[in-house]
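Colleague: Okay, handing you the structure first.
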Amino acid sequence: MVESRPMRSPPSKARLARQDDLGVVQLGWLAAAVFVVSAGYGALMPLIPDWLRPLMGDADPAVLARHVGYLSGIYTAGILVGAPLWGVLADRLGRARVLLVGLVGYVASLLPLLRPESVGVVGIYALRGAAGFFVAAVVPVVPALVAQYTPQAIRAKRFAWLGAMSLLGFLFGPGLNAVADRLAGLGVFAALVQGSSTKLVIGLSAALGALMMLGLAATLPAPSSTLDAGPSDDDGPPESRSFTLWLLNGVVMFVLAGFELGIVLQGQRHPELTSREVSWMFAACSLVMLGVNAVLFFTGLLERADPRRMLAAGMVLGIAGLAVLARHGSETWMYVGVSFTAAGTGIVLPTVAYLAAGSARRRLGTAMGGLAAAAGFGQTLGSAVAGWLFGTVMQSSFAWLSIPLVATLAFLLIPRQWWPANPALLTASPSSTETEP
C-alpha cells in the first residue's frame, strides 16, 4: 500500500520575492553607495570655480562666488524635487530598480563635466541639478531597503552605521582631491587627464559610482514592488507620523545649515581665524557626529532608549552649543560650541531616521523620500536665512538659530500637542512601533 502524502502548494510569488535579512555583502554594497555619493559631493564642490573660471573669462570674483552659491543651491533643489518622487516610485516599482536608476543617472551627470567647455555655464547648471535629482534616488532608497530587509532587533545599529558611512564620505571627499593631485602627475594618469587633477576627481567619482551600480546589481534581492508588503503593514503607524518626522528633520537641517554657514562667515569676519582653522572646525563637527553615530552603533541605544528623550537630549545639546557660539570670545569656546551643536544634531538625525524606518513596508520609500526632501528644503532655507542674519546681527545669529530648536523642544515635552494623531508614539518603546512579520 502506497502511503499518500499531502501535496504541497508551490511557493507564492510574493514569498519567492521576499528575503528576511540582508547578507553582509549586500549591506556592504548599500553602505558603500551612501559613502560614494557623499564623497562625490564633498570632492566636487571645491572644483566648481575651476569649471566656471575658463568659461567666464575675467568675471568679477564676487560674480564667480555668486555662481558657486547658485550651483550649490541647484544641487540641493534637485534633491528636494527628486526625493519624494523617487520615494513614491520605489514603493510602486521596486526599490532596487530605483536605486540602480539613480546610480546610472549620477554617473551620467558626471561624465560631461570632464569637458565643461563643451556644455557651457548653462550646461553645468543642468548637470548639477541632474546630479542632485539622481542622488535623491540613492539617499532615501538605501535606508528604505535596509529597513525593509532588517529585523527590528538590529535595525538601529544598521541605521547608525549608514549615518556613519555618510559622514565618512563627506570627510573622504576633500581627501579625494589630494589623492587626485598626486596621481595627476604620474605616468598613465598624466597622459589620460593631461595633468588635470579636476578631470581625475570627476573620473574617479564616476568610476566609483559605476562600481557601486555593478555591485548592487549583482547582489541586491530580486526587484519587487508592493508584493513585498507583509501582513504587519496594516499595523504600521499612521501617515501623520511620517509628516511629523519630515517636519522635525527639516527643522534640524535648517539649523545645521545655518550653523555651518555661520562658521564660514565667522572666519571671514575675524582675521585671526584662518581658513585652515575653519576647516578644522568643520572636521571637528564631522568627527563629533561620527563619534555619536559610533556610540549609537555599538551600544544599540536607539533600541533601548525612549525616542522622545533621545530627541529632547539632542535638542538641548544643540541649543547649548548655539548659545556658546553666540557668546564666545575665543577660539577654544568656538570649538566647544561646535562640538555641542554637532553632538545634538548627531543624536537627532539618526533617531528621526530610525523612527521613520518603523513605517509600513509599502510606505518606506515614501517615508524616506520625504525625509530627504525635508532635509533639502531645510538646508536651502537655512543657508538663505543664515546669510541674511549674519549680515544683520553677526555673531548673535547663532542665538536666533536656536529658536526653532527651542520651539521644537517645547512641543516634544508636550507629546499631545506635538503629535495629536498618535500621542503615545514618542513615549512608546521602539519595539511597539512595528510588529516584525
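No value in this document is a laboratory result; all are computed from the given coordinates. As the structure is a computational prediction, the values presented were derived from the model and not from experiment. Quick reminder, even Gly has a Cβ in these numbers, built from the backbone with ideal geometry, and neighbours come from all protein chains shown.
Colleague: Using 7 Å Cα-to-Cβ label points, what is the residue 336/residue 264 separation (nm, one decimal)?
Modeller: Rounded to a tenth, the inter-label distance reads 2.8 nm.
Colleague: While we're here: Mind giving me the nanometre distance, one decimal, between the label points for residue 111 and residue 309, set 7 Å out from Cα along Cα→Cβ?
Modeller: 5.4
Colleague: So, by mean Cβ neighbours within 10 angstrom, what's the order for 136-143, 400-407, 280-287, 255-262 with the highest one leading?
Modeller: Peptide ranking by packing, descending: 136-143, 255-262, 400-407, 280-287.
Colleague: Say each of residue 287 and residue 413 gets a label point 7 Å from the Cα, pointing the same way as Cα to Cβ; how far apart are those two points in nm?
Modeller: My value for the distance between the label points is 3.4 nm.
Colleague: Another one. Ranking request for peptides 208-219, 69-80: highest mean number of other beta-carbon atoms within 10 Å first, then the rest in descending order.
Modeller: So the peptides 208-219, 69-80, ranked by packing, come out 69-80, 208-219.
Colleague: Grab the beta carbon distance between residue 182 and residue 152, set R0 = 51 Å, and tell me the FRET efficiency rounded to 0.05.
Modeller: 0.65
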